Every structure is written in structure tokens, then in C-alpha cells.
Amino acid sequence: MAGFSFNVKIDGRDLIGTGSIIVHGKEEVVIQLSDIVFKISFESTEDKKLAVGGEQPGPKELLLKFKNFGNSLGSSYHDTVGIIDGRSLRGSFFVHAIGESEKETRVLNYTFSLGEVIAAEPAPAIRKTPNG
């Protein structure tokens, strides 16, 4: 289909990637978006407090640890997770879980979108997220 285009916007942001992944137990998920790498892991803690921890081991790598995302009805997290071409990169995540602790199976839904230009000069590809 010549001339066909498809564009989705979320509150003015351009959708650049979305999908669902089934994750078993403590499997780590790696999502690469251009040259930026997101590593996502899950952890259960005794306090059962829902939290997201972030760590940036390199300029284009972000580790996200979803703590206590074990609810069958779902748990979500969304925030600005980086900058691409001077535009804010927003990550939205929604997780459903079935099973118990070490044997949980999760459905991880993710969406990445680009917002407005926030930096005229090139900026770091990823900004640190707050530790949970």
C-alpha cells in the first residue's frame, strides 16, 4: 500500500514502541530501543511494598527492578526514563502476575513514547530514576 502511514499519539506524545512479554519466575527482560538498553527484573520483598528501583550502570543502560509487582489485577509504573534526540522518553509498564513468589508468571506490558523537545543540546540518553 503505497503512501500508507500509521501514527499513534498519547496525550501529544509519539508512540514509538509497545508490546507484551510473558516472564516466568525471576527471568530478566531486556528491551533495546535504538541504542538504549533497558534491563527489567522482578523481586519480592517481605514488606510487600510496591516500588521501582533504578540504576544506571552506563550512559545508555537502565536497570529497572520492579519490587512486589505480584498482583493478579495488575500493578503499573510510568515515568520519564530517558531522552532521545532532545525529546523526553516516557516508559509505561503494567504487570499482571499469576502464581506465588519464585514461580510467578507475569505478563509485562510496556509502552514507550516521545514527548516534546526538552533540550536544545544533546543530553544523556537516560536519566536516573529514583530508587524504590
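A few notes on this one:
- Any hit, segment 18-28, residues being of a type in the set (Ser, Thr, Tyr) and surrounded by 10 or more Cβ atoms within 10 Å (Cβ to Cβ): yes
- Test: residue in segment 29-41 that is more than 26 Å from ILE83 (Cβ to Cβ) and either under 17 Å from the mean Cα position of the chain (by Cα) or not β-branched (Val, Ile, Thr) (or both): no
- Any hit, segment 39-47, residues being in a strand (DSSP E or B) and polar (S, T, N, Q): yes
- Just so you know, in segment 67-84 the residues that are assigned to a strand (DSSP E or B) and either at pLDDT 95 or above or not hydrophobic (A, V, I, L, M, F, W, C) (or both) include one that is surrounded by the most Cβ atoms within 10 Å (Cβ to Cβ), and it is GLY82.
- Scanning segment 96-106 for residues that are within 14 Å of GLY25 (Cβ to Cβ) and not small (Gly, Ala, Ser) yields ILE98, GLU100, GLU102, LYS103, GLU104, THR105, ARG106.
- Counting residues in segment 76-83 that are among the aliphatic types (A, V, I, L, M) and more than 17 Å from LEU33 (Cα to Cα) gives zero.
- Some residue of segment 72-88 being over 23 Å from ARG13 (Cβ atoms), free of Cβ contacts under 8 Å to residues at least 24 places away in the same chain and touching a Ser or Thr at 6+ places or on another chain (Cβ under 6 Å): no
- Residue match in segment 95-113 (condition: at pLDDT below 95, under 14 Å from the mean Cα position of the chain (by Cα) and surrounded by fewer than 16 Cβ atoms within 10 Å (Cβ to Cβ)): no
- Residue in segment 1-15 that is farthest from GLU116 (Cα to Cα), counting only those that are in a loop (DSSP other than H, G, I, E, B) and modelled with pLDDT of 85 or more: PHE4
The values are calculated or read from the model by the stated rules, or taken from the named source; none is laboratory data. These figures come from a predicted structure and were not determined experimentally. As a convention, Cβ positions derive from the backbone with ideal geometry for all residues, glycine included, and neighbour counts pool all protein chains shown.
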